[in-house]
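The values are calculated or read from the model by the stated rules, or taken from the named source; none is laboratory data. Keep in mind the model is a prediction, meaning the values are calculated, not measured. Note that we place each Cβ from the backbone using ideal geometry, even for glycine, and neighbour counts take in every protein chain shown.
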C-alpha cells in the first residue's frame, strides 16, 4: 500500500482537556459556581417567571394570577332557537345532516354541533347554511356596550 502522505500532518490534534470556565472532572454545579465566583467571573443563572427553567411543562409565574381570577372563561354557544330552527328547516327540506354538510362544504360533525347547541357561532357557516336551506335562521342579539357618561 503506497499512498502519498506528503500533505498529512501527524502532530497530535485535539482539544484542551481543561476548559476554561467549565466544570472540572466530576465537580458539582454548586462547586463550579463557587469556583467561578471566587475567580471573579460574572455568573448568572437564568430563571424565568420565578421558577427554574428546567422544563417547559412547569407552572408559570402567573399561576397565582390565574388562581385569583374569578372571571368565567366559557365560549358562547349557539342559541337554542337557532338550533331548533336549523333542525326544522333541514327536515322540511328533506336533507340529512351529512347532505347539508356536503352542500356547504363542512364536516357532518359541524352540523351536529349546531343542531345540538354546542357549536361556537360562526357567521360564515350560518350564512352558508341559510343559503343551502333557503331560509333565514334566527341570530343571537348583539350585546350592546354601555354608553360611557363623560
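List of remarks:
- Residue within region 77-91 that is more than 29 Å from residue 126 (Cα to Cα) and either in a loop (DSSP other than H, G, I, E, B) or at pLDDT 80 or above (or both) present: no
- Test: residue in region 110-118 that is surrounded by 10 or more Cβ atoms within 10 Å (Cβ to Cβ), part of a loop (DSSP other than H, G, I, E, B) and modelled with pLDDT of 80 or more: yes
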